[in-house]
There are 2 protein chains.
Amino acid sequence: MDFVTRVTDDRGPDFVPAEERVAAFDNDGTLWCEYPLQVQLFFAQRRLETLAERDPSLKEKQPFKAFLAHDLKAIHALGKRGAFTIAFATHAGMTEDEFAAIARDFFATARHPQLGRLFVQCTYRPQIELLGYLRANGFRTFIVSGGGIDLIRAFAPQVYGIPTDQVVGSSVKTKLEVQGGRGSLEKQSELNSFDDREEKAANIGLHIGRRPIFVFGNSDGDLAMMRYAAGSAHPHLSLLLHHDDAEREFAYDREFELSPLAEGLNTASDEGIHVVSMRSDWTTVFDPSEAT
Amino acid sequence: MDFVTRVTDDRGPDFVPAEERVAAFDNDGTLWCEYPLQVQLFFAQRRLETLAERDPSLKEKQPFKAFLAHDLKAIHALGKRGAFTIAFATHAGMTEDEFAAIARDFFATARHPQLGRLFVQCTYRPQIELLGYLRANGFRTFIVSGGGIDLIRAFAPQVYGIPTDQVVGSSVKTKLEVQGGRGSLEKQSELNSFDDREEKAANIGLHIGRRPIFVFGNSDGDLAMMRYAAGSAHPHLSLLLHHDDAEREFAYDREFELSPLAEGLNTASDEGIHVVSMRSDWTTVFDPSEAT
């Protein structure tokens, strides 16, 4: 709140014009739960189950077998980029409208296996309050996530109040297919961008075209965009959420192969990055009004 | 106006919710002048003049020689993609902040050689009115241009009222360079996206994440995004500006190698695309209050 007061005080030395008040939020582990698998990977499991009904041989082939057997250890060993690249490829050949329908069905029914909540109810209440607080102070809020851009877009407008064009994420190449003069974009298997680490900064440049002055992340994959914000001529604030709350959510950091927080814990104080403790700093994690 | 009335009437059958009222405008030749060269290419000429002061041998090497000699015929022969790829590469190695400073200087002083106006005064007044009219009716207005995304962002907020994150364009790869913890994006020579034809539709999917229901273009390079809009479940409107006004601006179409309008003229009526005649349909082209 001190930071927001400083940058919005138009008579103060740290004033930042509204059009430059860009806030960038990571999604997985920052706005919603990512443990023990990112939601993208649960979504890929479901998709592979559908594909395996048509082609049972998938159940015996790696890396599909790892997903179909819910083998966490084998999925973790793939690393974030490896696991996500497989997940994205499971929707190749689908139009964006077909994808949107599948995503809608998934979010309407699929639940987190440990938390028992619908995935959209695994979003963090303090972060949704923070998004609203920043917007009320003239910030524009963007998501900059390693997750697939279209899966995030399927719920971000309703759940976070963030429009589709303010969502930046990983993406596959798409191809315009025209039939009878009417075009649709079809997903290809080839990766277009894996939006993690340095690529997050590059994608902020590409999609937003302004340096953020506020960055919230939770893993080493978010440090590059914090360093990008640190290059701003304006005051800036970077925050790292530390998952240290085994009671209300999960406790993990350096050892989580799908998105480790290790370098960040080592360098946060030197780099002026504030570490937020889920256990100590948040009075609430999930919306208590949502049934589990 | 009929179209806007239909899609904004919340009791009518053609109502489109505000978040889906996406309007996509081409820039070169649609929002501002692109003849005899797109502004991007005049900008590259100036940049090459600076580079040639340091390395005079560029004056003798093609394709630089064509730009430095203002040889329109040779530049036209490169085609749009060829000429633009050269133009983009002239800024390789520069940070985005350095680029922004050069672009600011250029727009403050550089004039169109035939029209005598500052380039930002070569924007079309009826289009600026149209952008405002659409926004007043709940549309969000996006630029989807073959021009370099950063050059457009250097003037679009002030001149068109379009924020940087609503500008989609061609781009080069960028790389985060971190010094003393402070990061900057540096432009590379490698092309990231040449935003023309089918790539315009793919980039709308990537950046906006919604089909447009309104598209305004002026060349064959804009047909793909019109066909993409035609795939919408909502009513949609596509318009092509025809440069047929040699008196107030220029008259060209099929033969303009840097951005021909040929297929569009052949198929517009079959595809339900409306052709706008600059000569007959526009009472004003440029803002008469701006000195030339």
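The values are calculated or read from the model by the stated rules, or taken from the named source; none is laboratory data. None of the values given here were measured: they were computed from a predicted structure. FYI the Cβ positions are ideal-geometry reconstructions off the backbone, even for glycines, and counts take in every protein chain you see. To get the accessible areas, we keep the full protein, side chains included, count just its heavy atoms, and leave off ligands, DNA and RNA. Shrake-Rupley method; radii C 1.70, N 1.55, O 1.52, S 1.80 Å.
Brief remarks follow.
- Residues of segment A:65-95 that turn out to be open to solvent by 40 Å² or more (accessible area, probe 1.4 Å) and touching a strand residue (DSSP E or B) at 6+ places or on another chain (Cβ under 9 Å), as a count: 5
- Residues in segment A:102-128 that are within 20 Å of residue A:288 (Cβ to Cβ) and either crowded, with 19+ Cβ neighbours inside 10 Å or within 15 Å of the chain's Cα centre (by Cα) (or both): A:112, A:119, A:120, A:121, A:122, A:123, A:124, A:127, A:128.
- Scanning segment A:203-227 for residues that are small (Gly, Ala, Ser) and more than 9 Å from chain B (Cβ to nearest Cβ) yields A:217, A:219, A:221.
- When A:204, A:213 are checked against the criterion of being touching a residue at least 24 places away in the same chain (Cβ under 8 Å), β-branched (Val, Ile, Thr) and touching a Ser or Thr at 6+ places or on another chain (Cβ under 9 Å), A:213 stands alone in meeting it.
- When the residues of segment A:128-187 are filtered to those that are more than 16 Å from residue B:209 (Cα to Cα) and without any contact (Cβ under 8 Å) to a residue 12 or more places away in the chain, the one that is farthest from the other protein chains (Cβ to nearest Cβ) is A:129.
- Residue match in segment A:218-241 (condition: without any contact (Cβ under 8 Å) to a residue 24 or more places away in the chain, touching a Lys or Arg at 6+ places or on another chain (Cβ under 8 Å) and not aliphatic (A, V, I, L, M)): yes
- In segment A:38-64, the residues that are open to solvent by less than 30 Å² (accessible area, probe 1.4 Å), of a type in the set (S, T, N, Q) and part of a helix (DSSP H, G or I): A:40, A:45
- Subset of segment A:243-280 that is within 21 Å of residue A:125 (Cα to Cα) and touching a residue at least 40 places away in the same chain (Cβ under 8 Å) - its residue that is farthest from the chain's Cα centre (by Cα): A:245
- Residue that is farthest from residue B:83 (Cα to Cα) [pool: residues in segment B:6-37 that are of a type in the set (Gly, Ala, Ser) and open to solvent by 10 Å² or more (accessible area, probe 1.4 Å)]: B:12
- Test: residue in segment B:212-219 that is crowded, with 19+ Cβ neighbours inside 10 Å and within 19 Å of residue B:85 (Cβ to Cβ): yes
- Among residues of segment B:264-284 being open to solvent by less than 90 Å² (accessible area, probe 1.4 Å) and touching a Ser or Thr at 6+ places or on another chain (Cβ under 9 Å), the one that is nearest to the other protein chains (Cβ to nearest Cβ) is B:271.
- If you check B:10, B:14 for being assigned to a loop (DSSP other than H, G, I, E, B), in contact (Cβ under 8 Å) with a residue 40 or more places away in the chain and of a type in the set (Asp, Glu), only one passes: B:14.
- The set of residues in segment B:96-118 being in contact with an Asp or Glu (Cβ under 7 Å, 6 or more places away or on another chain), farther than 22 Å from residue B:64 by Cα and within 14 Å of chain A (Cβ to nearest Cβ) consists of B:96 alone.
- Being assigned to a helix (DSSP H, G or I), over 27 Å from residue B:188 (Cα atoms) and in contact with a strand residue (DSSP E or B) (Cβ under 9 Å, 6 or more places away or on another chain) holds for only one residue in A:205, A:221, A:183, A:264, and it is A:264.
- Qualifying residue in segment B:74-86 (condition: free of Cβ contacts under 8 Å to residues at least 60 places away in the same chain, part of a helix (DSSP H, G or I), farther than 26 Å from residue B:220 by Cα and away from chain A (no Cβ under 14 Å)): no
- Subset of segment B:150-166 [open to solvent by 10 Å² or more (accessible area, probe 1.4 Å) and either in contact with a strand residue (DSSP E or B) (Cβ under 8 Å, 6 or more places away or on another chain) or not polar (S, T, N, Q) (or both)]: B:150, B:153, B:154, B:157, B:159, B:161, B:163, B:166
- Scope segment B:188-202; condition assigned to a strand (DSSP E or B) and either within 7 Å of chain A (Cβ to nearest Cβ) or more than 26 Å from residue B:255 (Cα to Cα) (or both); matching residues: B:188, B:189, B:190, B:191, B:192
- Of all residues making up segment B:228-263, the number that are within 13 Å of chain A (Cβ to nearest Cβ) and either closer than 20 Å to residue B:281 by Cα or open to solvent by less than 40 Å² (accessible area, probe 1.4 Å) (or both): 6
- Every residue from segment B:87-119 that is touching a Phe, Trp or Tyr at 6+ places or on another chain (Cβ under 6 Å) and without any contact (Cβ under 8 Å) to a residue 40 or more places away in the chain: none
- Residue A:178 being open to solvent by 10 Å² or more (accessible area, probe 1.4 Å), part of a strand (DSSP E or B) and not acidic (Asp, Glu): yes
- Yes/no for residue A:146 being surrounded by fewer than 18 Cβ atoms within 10 Å (Cβ to Cβ) and touching an Asp or Glu at 6+ places or on another chain (Cβ under 9 Å): no
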